[in-house]
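The values are calculated or read from the model by the stated rules, or taken from the named source; none is laboratory data. All values reported here derive from a predicted model rather than from experimental measurement. When we count neighbours, we look across all protein chains shown, and the Cβ atoms used for this are built from the backbone with ideal geometry, even at glycine. Ligands, DNA and RNA are stripped out before the accessible areas are found, and what is left, the full protein with its side chains, is counted by its heavy atoms. Shrake-Rupley method; radii C 1.70, N 1.55, O 1.52, S 1.80 Å.
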Amino acid sequence: MRAWKRPDVPQLDGDGRPPVLYDTATRQLVEARPEDVARLYVCGITPYDATHLGHAATYLAFDTLQRVWLDAGYRVHYAQNITDIDDPLLERAAATGVDWRRLADEQIELFRRDMESLSILPPDDYVAVTEVIDQIGRATRLLVDRGLAYRVDDDIYFDNAAAQEAAPWVLGEESSLDRATMLALFAERGGDPERPGKRDALDPLLWRGRREGEPSWPSEAGEGRPGWHIECSVIALMHLGRDFTVQGGGSDLVFPHHEMSAGHAAALSGHPLARVYSHAGMVAYRGEKMSKSLGNLVLVSRLREAGVEARVIRLALLSHHYRADWEWYDDAIDEASTRLEAWSAVLAGERTASLGAEPAREERAVVDRMRAALRNDLDTPEALRVVDTWVATHPSAVSDLVPSACEALLGIRI
Ligand code: 5CA
Ligand code: ZN
């Protein structure tokens with residue numbers, strides 16, 4: 001699929017280094033050092049009720065990661081999926097009487113517009129599940145042939161136990177959760193632990209055989225449609241290869257989605273899916289996780305229609321650490337506007353007054369501090385405070401270095 005327009009990212013002088021990121025699998029901070037190209041996969045939307053601030057916060061976290069890599073001189077290869085066929089999308093389409101394809105297309109277009117307005121770096125490969133049905137069917141068939149998947153009626157399930165023996169995978173979360181918790185999360189997040197005929201209640205669906213009234217496609221796995229986790233394994237392997245640098249998404253995807261995607265990828269390739277598993281915290285609104293199913297949504301597009309500047313939304317989101325769970329309050333808009341005004345008052349003047357001049361030592365120090373904050377597990381709140389302090393001291397700036405750093409590292413063009 002077409003992605004969206006890429007924002008400019010000025011290249012700063014100096015020696016950026018790769019960031020340290022919290023890895024969900026090993027539960028520690030690890031250096032996210034690419035080989036030569038940084039390969040990143042971030043789970044994309046299921047296209048209905050897009051784009052709420054939770055989505056935006058998660059994609060902004062991985063946008064920041066890319067900006068740190070780019071600043072460190074790495075090339076980035078970024079892939080993202082679109083879950084444009086899945087039960088929740090079909091249920092919404094049925095409930096509203098809209099054709100599922102039309103619903104998906106409209107929501108994908110809205111998401112593109114929102115991402116572009118927020119200056120989020122687009123993926124190089126933006127891949128809808130419906131574009132890779134053949135490859136997913138083939139991968140499913142391969143797993144059946146290898147004895148790592150089995151049929152229940154016309155459906156095909158992944159055999160967790162057999163696969164764990166054949167190609168062990170470690171995300172870690174599975175072993176740290178007790179079985180009752182896993183079963184509850186599995187049921188809550190698209191799984192079917194009660195389905196009779198499964199070898200284990202936690203075995204996930206790879207392929208759903210054709211049902212009357214549901215869209216389906218012919219494939220090597222039979223007529224039907226893909227299960228959820230396998231889509232991300234196949235799209236990531238196709239576009240990034242095995243053992244890529246970072247797998248990302250919100251923390252609601254740790255189990256079962258990323259656990260199972262890692263398992264499928266190991267079973268298919270014999271290698272780990274990724275080196276680092278990175279997860280953004282959940283954004284809440286009115287006391288609960290912002291979610292399509294609850295309907296407590298603040299949409300980027302609604303804020304924009306109400307006249308809120310995209311840079312203000314971006315700053316409001318960046319003022320929280322990506323790994324924290326936090327709650328959106330409507331006054332966040334005022335706080336971020338005040339900040340943007342303060343920055344603009346000093347930095348915008350600086351830029352026009354002194355284009356082309358050599359940066360002063362103090363300006364370099366500000367940029368060093370911003371870089372250090374972001375390298376430290378993407379500490380955007382600290383990076384914003386660094387700029388606040390610089391602005392508050394009424395610097396006698398001589399160059400456009402600090403505004404360029406705001407644009408390159410934070411995506412805020414002054
Ligand atoms: N299509 C699947 C991933 S393959 C999916 O989870 N889609 S989604 O539309 O539900 O979510 C898209 C992304 O936003 C995921 O990374 C998800 O973890 C993240 N996300 C969803 N709700 C929130 C929230 N309230 N706060 C932060 N991130 C969220
Ligand atoms: Zn995914």
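In table form, for the structure just shown:
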read-out: Eligible lysines near K5 by straight Cα distance, threshold 26 Å, same-chain separation 8 or greater; value: none
read-out: Between 0 and 90°, nearest 10: helix 87-96 axis offset from the chain longest Cα axis; value: 80 degrees
read-out: Long-range amide H partners of H279 with built H, under 5 Å; value: T24
read-out: Whole-number percent relative contact order across segment 272-414, with pairs defined as alpha carbons under 8 Å at least 6 apart; value: 25 percent
read-out: Acute angle (nearest 10 degrees) that the helix 259-269 long axis makes with the longest principal axis of the chain, alpha-carbon atoms; value: 70 degrees
read-out: Accessible area expressed per residue, segment 28-77, with surrounding protein chains retained (probe 1.4 Å, Å²); value: 29 Å²
read-out: Computed Kirkwood radius, in angstrom, where 1/r is averaged over Cα pairs of segment 259-332; value: 15.0 Å
read-out: Percent RCO, i.e. relative contact order, over segment 20-305, from Cα pairs under 8 Å lying at least 6 residues apart; value: 25 percent
read-out: Cα shape, segment 171-277, gyration tensor, a/c 1.5 rule; value: oblate
read-out: Per-residue HN-Hα couplings for segment 206-211 [Karplus 6.51, -1.76, 1.60; θ = phi - 60°; Hz; x = Gly/Pro]; value: 9, 8, 9, x, 4, 10
read-out: Cut-off under 5 Å, modelled amide H: who pairs with D159 long-range; value: A149, Y150
read-out: Segment 179-291: relative contact order in percent, alpha carbon pairs under 8 Å with at least 6 residues between; value: 21 percent
read-out: Exposure ranking of V127, V76 by accessible area [1.4 Å probe, largest first]; value: V76, V127
read-out: Degrees between helix 332-353 axis and first principal axis of the chain (Cα, 0 to 90, nearest 10); value: 50 degrees
read-out: Total formal charge among the other residues, if their Cβ is under 13 angstrom from that of A372, Lys/Arg +1 and Asp/Glu -1; value: 0
read-out: Share antiparallel - DSSP beta bridges, segment 1-148, percent rounded to 5; value: 30 percent
read-out: Accessible-area composition of the chain, carbon plus sulfur, in percent [1.4 Å probe]; value: 47 percent
read-out: Sequence of H321, H394, H258 from largest to smallest accessible area, 1.4 Å probe; value: H394, H321, H258
read-out: Descending principal axes extents, the chain, alpha-carbon based, whole Å; value: 73, 45, 37
read-out: Nearest-0.05 FRET efficiency for E31 and D325, computed from C-beta distance (R0 35 Å); value: 0.90
read-out: Karplus-derived 3J(HN,Hα), 6.51/-1.76/1.60, for each residue of segment 382-391, Hz, glycine and proline x; value: 5, 4, 5, 5, 4, 5, 3, 5, 4, 5
read-out: Solvent-accessible surface (1.4 angstrom probe) belonging to E220, in square angstrom, nearest 10; value: 90 Å²
read-out: Whole-Hz couplings from phi, Karplus 6.51/-1.76/1.60, listed for segment 10-22; x for Gly and Pro; value: x, 8, 8, 6, x, 9, x, 10, x, x, 9, 10, 7
read-out: Theoretical FRET efficiency, 1/(1+(r/R0)^6), r = Cβ-Cβ of E341 and R242, R0 45 Å, to 0.05; value: 0.40
